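Rule-based calculations on the coordinates, nothing more; no lab input. Since the model is a prediction, treat every value here as computed from it, not as a measurement. Cβ sites come from the backbone with ideal geometry, for glycine too, and all protein chains shown count toward neighbours.
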């Protein structure tokens with residue numbers, strides 16, 4: 001807008017500076033709105049990345065670990081079936097419960113602490129009975145995690161860019177486990193299973209603590 005001539009030079013300078021900063025603020029606001037990945041999704045992608053990485057370090061060589069604790073092919077299959085059944089059945093329950101939560105992301109915190117506990121117990125597993133217990137605990141953790149994660153991610157995904165934003169998640173869901181699997185196999189070959197159990201537990205507890213202390217306005 002043109003400024004009237006009767007305004008003094010000093011006032012006119014202040015007016016021009018105000019308009020400059022005003023337009024600059026609008027441009028920055030529009031730039032933030034056009035971000036493909038907002039801060040909430042970045043936090044969730046970080047959490048899911050660590051979660052998938054930790055699980056991938058162990059799952060491809062799970063049968064070898066089962067053999068070392070005294071199990072065989074049937075033990076590996078049955079324990080994995082227990083994990084799947086527990087996670088599947090409880091997901092129906094946790095999904096309904098988490099739907100009523102005010103801060104759904106807190107269920108992600110619980111899941112990471114439960115899963116971290118499972119990884120710690122793997123460190124002390126020396127028999128088939130303990131292995132079955134651990135797989136039940138991991139199933140509970142997964143049942144807490146997935147409904148809460150998908151719900152929170154969907155809330156923060158932009159409707160116009162949601163396909164791309166989910167595509168990033170899906171791409172990382174292949175890429176990150178590939179790295180985790182290779183690294184996990186190398187570490188076990190060099191140092192044994194106990195080292196990766198410690199790493200996996202630390203990663204899970206770190207995820208839980210990170211979400212717990214993340215300002216609620218972010219998620």
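Relative contact order of segment 69-207, please, whole-number percent, based on alpha carbon pairs below 8 angstrom and at least 6 residues apart.
Numbers: 131 pairs, mean separation 48.5, N = 139.
Relative contact order, segment 69-207: 35 percent.
How many nm is it between the label spots at residue 99 and residue 74, if each spot is 7 Å from the Cα in line with the beta carbon?
A separation of 4.0 nm, rounded to one decimal place.
Ranked highest first by average number of other Cβ atoms within 10 Å, how do 86-95, 161-170 line up? Spell out each step's value before the answer.
On the way: 86-95: 16.2, 161-170: 14.1.
The densest-packed peptide leads the list: 86-95, 161-170.
When you count, for each residue, the other Cβ atoms within 10 Å and take the mean per peptide, how do 38-49, 206-217 rank with the highest first?
38-49, 206-217
How would segment 38-213 be classified by its alpha-carbon gyration tensor: rounded, prolate or oblate, with rounded meaning a/c under 1.5 and the a/b versus b/c comparison settling the rest?
Prolate is the answer for segment 38-213, as a/c is 1.5 or above and a/b outweighs b/c.
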